[in-house]
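The values are calculated or read from the model by the stated rules, or taken from the named source; none is laboratory data. Please read these numbers as outputs of a predicted model, since none were measured by experiment. Glycine gets a Cβ as well: all are built from the backbone with ideal geometry, and neighbour counts include every protein chain shown. Accessible surface areas use protein heavy atoms only, side chains included; no ligands, DNA or RNA. Shrake-Rupley method; radii C 1.70, N 1.55, O 1.52, S 1.80 Å.
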Amino acid sequence: MTYQVLARKWRPQTFESVVGQEHITDVLKNSLASGRIHHGYLFNGIRGIGKTTTARILAKALNCVHGPTPTPCNQCEFCREIIDGYSLDVEEIDGASNRGVGEVRVLQENTNYAPSRSRYKIFIIDEVHMLTTEAFNALLKTLEEPPPNVVFILATTEPWKIPPTILSRCQQFTFKPGSAAQIMALLKKVVAHEEIAISDDSLALLVKSAGGSVRDGENLLDQVIGFCGNQVRDLDVRYVLGIPDRQLLWEFVTALFTHQSSQIFSLLDRLVNQGYHLRFFCMELMERIRNMIVLKVAVQPDAYLSLFDYNRAELARYASQISLSELQQMYWILAQVEQEMKFSPHPRYLLEFALVRMANVQALDSLEEISAQLQQIQTEIRPSAGKIAELVERVQTETEGQMPTLSATELQQLWEDVLLRVKDVRPPLAARLKQAIPVHLTYDEFLLGFHPDAEFSRQALDDAKNRDILAGVLREYIGRPVRVAATTTETGVSFEAIRKIHDEVVAAIPRPEIKAQQVKSGPPPTERRSRKNNDGWQARASTPRYKPQIQVTVQDVVKLFDGEIEK
């Protein structure tokens with residue numbers, strides 16, 4: 001007897017043996033038991049999860065000698081014909097190779113004939129999304145009102161390509177990918193029956209590589225058995241699947257987490273020499289980093305971890321060596337390079353430099369930490385709140401006729417705090433008052449001094465509205481009305497000091513480098529004609545326009561005076 005692959009040998013023959021699709025098989029069994037049989041079914045889902053298998057079981061359930069029944073006997077002649085694939089009343093059609101209007105027309109003609117021996121005439125159209133638009137349109141009427149005892153079962157991996165008019169005429173069932181536990185249980189059952197010696201770690205690698213497809217898991221097991229025989233080693237499974245060695249993967253993780261960029265190239269060279277697929281390695285590394293993020297973020301991480309050939313304790317040990325922000329940066333670097341490697345002629349180079357970037361990532365401070373640092377800096381460069389409160393209390397306790405109790409330094413600190421309050425009320429006024437220095441603060445008068453060159457700023461207090469704003473801030477500040485006055489003093493901020501600050505600000509602005517251009521010899525400057533009188537035109541040489549060496553923008557001026565643009 002010729003060899004039969006595991007995927008066909010272990011194909012389910014009853015609804016109960018279909019892996020992981022109870023939400024569909026239960027509905028179909030109840031429909032069969034109650035006699036509510038629809039004329040059109042649509043099965044959709046990824047490859048290798050039982051769509052065509054379920055369609056065949058449904059066909060057996062409809063045509064079984066004991067049917068319609070949710071439990072076909074698999075022994076009667078009708079069931080055996082469907083299992084062996086030669087039933088005249090169950091026709092399987094490949095939608096990829098029979099996709100035109102002509103093939104659909106032949107199908108329509110076949111529906112007009114009664115079943116030859118069975119109870120139902122059943123058409124199973126696999127990969128139905130491959131039919132052309134015209135073929136779908138030709139199928140509409142037949143699918144909506146088929147002859148008695150005709151059932152259509154459509155199967156597809158891409159349901160979004162099927163027209164809505166077809167979808168609305170069918171009962172739709174979405175097949176889920178098999179879970180790791182379900183596929184693992186099936187593979188253990190297979191190897192036990194086939195007497196294959198293989199470890200659970202190797203089976204876990206097969207389950208992970210299957211990606212939720214039951215058929216892929218069985219085919220990969222078949223491939224491993226073909227390479228190793230009945231004694232399967234873990235190293236051989238990794239070699240066949242192209243999955244890097246477990247110890248090598250953790251060496252990569254250690255090099256990344258300890259920022260040892262120099263080891264990346266030697267480790268990657270070992271990986272390439274051992275013949276492992278670079279994208280598989282990339283996805284393995286992404287899986288480990290993802291699990292570490294889950295371990296740090298999730299409340300109950302055990303429910304979301306994808307652990308196959310390593311355990312939680314091993315994962316936690318490595319996760320404790322690095323911060324969450326570093327893990328997130330590494331994950332996005334890997335995700336980006338994994339996509340770029342698909343289309344690059346040099347995927348190794350891309351992966352090398354991505355790993356070097358990952359080995360040099362730094363932990364990012366949270367917004368709360370940055371805010372705390374900024375507040376600390378402001379506290380260091382500004383007088384403490386306690387110091388200001390002490391100065392204000394001393395001013396408030398002064399009596400009329402008493403000599404001022406604040407020194408020049410203390411008065412300057414108090415004035416800077418007052419300016420901050422003025423800035424909250426009227427920013428332009430605060431910008432002009434910055435050029436003033438406090439001369440003295442008595443019980444009923446606050447005298448400010450301006451340099452003779454800062455006459456423009458002093459004139460701000462000539463406006464009664466500005467004086468009232470400053471007086472109001474002072475009244476709230478020290479608890480009594482104070483008259484605001486201004487005087488001229490040489491110790492104020494001079495125009496020369498302002499211009500020096502301006503030059504420093506302008507010099508700090510980055511500007512593009514302007515290269516000198518060589519002046520070529522040629523005709524004299526362009527001449528323009530101007531009308532002198534009615535007798536004619538008189539030519540005059542054009543004069544070059546003046547261009548300043550440094551152009552100051554509005555933003556420069558706003559920054560210089562610490563102001564804001566209101567309109």
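When the stretch 211-230 is limited to residues that are closer than 23 Å to ASN44 by Cβ and in contact with a Leu (Cβ under 6 Å, 6 or more places away or on another chain), the one that is surrounded by the most Cβ atoms within 10 Å (Cβ to Cβ) turns out to be GLY217. Considering (1) open to solvent by 40 Å² or more (accessible area, probe 1.4 Å); (2) in a helix (DSSP H, G or I); (3) modelled with pLDDT under 80, the lone condition that GLN402 does not fulfil carries the number (2). Reported count of residues in the stretch 92-114, each being surrounded by 14 or more Cβ atoms within 10 Å (Cβ to Cβ), of a type in the set (Asp, Glu) and farther than 16 Å from ALA55 by Cβ, is 1. Within the stretch 470-484, the set of residues being loosely packed, with under 13 Cβ neighbours inside 10 Å and touching a strand residue (DSSP E or B) at 6+ places or on another chain (Cβ under 7 Å) comprises just one member, ARG483. Criterion applied to LEU32, LEU42, LEU28 was being part of a strand (DSSP E or B) and either within 40 Å of the chain's Cα centre (by Cα) or surrounded by 20 or more Cβ atoms within 10 Å (Cβ to Cβ) (or both), and the one residue passing it is LEU42. The residues on offer are VAL473, VAL425, and the sole one that is under 19 Å from VAL395 (Cβ atoms) and at pLDDT 80 or above is VAL473.
Let's see how each residue does on (1) outside any helix (DSSP H, G or I); (2) in contact (Cβ under 8 Å) with a residue 60 or more places away in the chain; (3) under 21 Å from ASP245 (Cβ atoms):
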residue: PHE280; (1), (2), (3): no, no, yes
residue: GLU284; (1), (2), (3): no, no, yes
residue: ARG290; (1), (2), (3): no, no, yes
residue: VAL299; (1), (2), (3): yes, no, no
residue: SER306; (1), (2), (3): yes, yes, yes
residue: ALA313; (1), (2), (3): no, no, yes
residue: SER325; (1), (2), (3): no, no, no
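Looking across the stretch 65-77 at every residue that is more than 15 Å from SER31 (Cβ to Cβ) and not charged (D, E, K, R), the one that is most open to solvent (accessible area, probe 1.4 Å) is identified as GLN75. Please enumerate the residues belonging to the stretch 78-91 that are surrounded by 18 or more Cβ atoms within 10 Å (Cβ to Cβ) and over 50 Å from the mean Cα position of the chain (by Cα). Those that are surrounded by 18 or more Cβ atoms within 10 Å (Cβ to Cβ) and over 50 Å from the mean Cα position of the chain (by Cα): PHE78, CYS79, GLU81, SER87, ASP89. Mind checking which residues of the stretch 331-370 are open to solvent by less than 70 Å² (accessible area, probe 1.4 Å), closer than 17 Å to MET286 by Cβ and assigned to a loop (DSSP other than H, G, I, E, B)? Matches in the stretch 331-370: VAL361 only. Just one of the listed residues (LEU249, LEU271, LEU235) is under 30 Å from ARG11 (Cα atoms), in a helix (DSSP H, G or I) and free of Cβ contacts under 8 Å to residues at least 60 places away in the same chain, and it is LEU235. Just wondering, is there one or more residues in the stretch 98-105 that are modelled with pLDDT under 90, closer than 20 Å to CYS170 by Cβ and among the charged types (D, E, K, R)? The answer is yes; a qualifying residue exists. Can you tell me which residue in the stretch 426-446 is farthest from ALA486 (Cα to Cα), limited to those that are open to solvent by 30 Å² or more (accessible area, probe 1.4 Å) and either touching a Cys at 6+ places or on another chain (Cβ under 7 Å) or not in a loop (DSSP other than H, G, I, E, B) (or both)? Here the answer is PRO428. For GLN373, the test of being out of contact with any Asp or Glu (no Cβ under 6 Å at 6 or more places or on another chain) and modelled with pLDDT of 85 or more is failed. Beta carbons closer than 6 Å, at least 6 apart along the sequence or on distinct chains, pair a first residue in the stretch 455-466 that is under 10 Å from ARG432 (Cβ atoms) with a second that is open to solvent by 70 Å² or more (accessible area, probe 1.4 Å) and in a helix (DSSP H, G or I) for LEU461/ARG467. Is it fair to say THR69 is under 22 Å from GLU22 (Cβ atoms) and not in a loop (DSSP other than H, G, I, E, B)? It is false that THR69 is under 22 Å from GLU22 (Cβ atoms) and not in a loop (DSSP other than H, G, I, E, B).
Can you find even one residue in the stretch 301-313 that is at pLDDT 90 or above and of a type in the set (Ser, Thr, Tyr)? Within the stretch 301-313, none of the residues are at pLDDT 90 or above and of a type in the set (Ser, Thr, Tyr). Taking the stretch 448-468 as the range and being of a type in the set (A, V, I, L, M, F, W, C) and buried (at least 17 other Cβ atoms within 10 Å of the Cβ) as the test, the residues that pass are LEU448, PHE450, ALA454, ALA460, LEU461.
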